[in-house]
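Taken together, the values in this text are just the output of simple stated rules run on the coordinates, not laboratory data. Keep in mind the model is a prediction, meaning the values are calculated, not measured. Counting neighbours? That spans all protein chains shown, and the Cβs are built from the backbone with ideal geometry, glycine included.
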Amino acid sequence: MDADSLLLSLELASGSGQGLSPDRRASLLTSLMLVKRDYRYDRVLFWGRILGLVADYYIAQGLSEDQLAPRKTLYSLNCTEWSLLPPATEEMVAQSSVVKGRFMGDPSYEYEHTELQKVNEGEKVFEEVIVVQIKEETRLVSVIDQIDKAVAIIPRGALFKTPFGPTHVNRTFEGLSLSEAKKLSSYFHFREPVELKNKTLLEKANLDPSLDFMDSLEHDIPKGSWSIQMERGNALVVLRSLLWPGLTFYHAPRTKHYGYIYVGTGEKNMDLPFML
């Protein structure tokens, strides 16, 4: 959700019970404005909150003028002081995939994971137990990256791609119509396309290259991993992810108001295919 309209955005997303206390709201309003100024971001998004056992991580993201350029991620424990997180790498994701359970809420906390490694000594081969230590900060970077790639979404038409390549905010976007807002095909993943490249020319024939340049939600796997509900007398459409419980997207049809927020434990629902 855009930091410039934070109070309205939190109000629209409050139907899922994801709110902030008045003092946290006030701190965020001020501190995110300073983050935008100091880091010279084009836009700052309040990404959400990852719940820890000792403390919670408040997450924000800075966007450059090109909206699909890699986003800079920051975290805070008190909504006032923000620290920049390193970009996620494949090695980080692989490392932290072995860690299960809740976050602690301390970035310097280290998880211990034991691995069996084969060691050769001459002709003999035996297994040795190695203890691998993984910092919670590494796990935090990895989980945010996974959630971004899997369930960060925007409505169709909110961004447009210029003929020269960069992607910008569409200033003429006036919201989806009520009928379009109820369809999964009207929402895109807020990242570089993956599935679009695999489509045939016939499937691409009806697509507008300036608007339909990202992957649509209608082909997400597993099918049924999104819940769409109309609230406030059809004045608000809310999408909730069943794959990453805690992710809520909201859009008020025929208005420019849309956004998403994640408030959860940072754990993926691995049992979803068996629950559908």
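Working from Cα positions, state the angle (0 to 90°, nearest 10) between the long axis of helix 136-151 and the longest principal axis of the chain. Tilt relative to the chain: about 40 degrees. The shape of segment 87-149 can be summarised by an equivalent ellipsoid whose semi-axes, obtained from the alpha carbon gyration tensor, come to 29, 14, 8 Å from longest to shortest. For the chain, modelled as a GNM whose springs connect Cα atoms under 10 angstrom apart, the maximal fluctuation among LEU68, LEU243, LEU207 occurs at LEU207. Here the peptides 165-176, 28-39 are ranked by packing, the mean other Cβ count within 10 Å, and the order with the highest first is 28-39, 165-176. Computed on the Cα trace of segment 132-276, the radius of gyration divided by the Kirkwood hydrodynamic radius gives Rg/Rh = 0.99. If you wrap the tightest convex hull around every Cα atom of segment 1-80 and split its volume per residue, you get 98 Å³.
For the chain, modelled as a GNM whose springs connect Cα atoms under 10 angstrom apart, the maximal fluctuation among VAL131, VAL237, VAL99 occurs at VAL131. Against the empirical 2.2 N^0.38 Å (N residues), segment 64-204 has a Cα radius of gyration ratio of 1.49.
Helix content alone sets the calculated 222 nm mean residue ellipticity of the chain: runs of n ≥ 4 DSSP H residues at -39500 (n - 2.57) each, divided across all residues, give -6000 deg cm²/dmol. Helix 22-39 and the long axis of the chain differ in direction by around 90°, with both axes built from C-alpha atoms.
Sequentially through segment 7-12, phi angles give Karplus couplings (6.51, -1.76, 1.60; θ = phi - 60°) of 5, 5, 4, 5, 5, 5 Hz, Gly and Pro residues having no value and appearing as x.
Rounded to whole Å, the principal axis extents of the Cα atoms in the chain read 70, 52, 41, largest first. The GluC sites (Glu not before Pro) of segment 1-110 that meet both conditions, a loop assignment by DSSP and at most 11 other Cβ atoms within 10 Å of the site Cβ, are GLU81. In straight-distance terms, cross-link reach from LYS182 covers every one of the lysines whose alpha-carbon lies under 21 Å from its own, apart from those fewer than eight places away in the same chain; here that gives LYS223, LYS256. With all projection directions averaged, the alpha carbon convex hull of segment 227-276 covers 4.0 nm².
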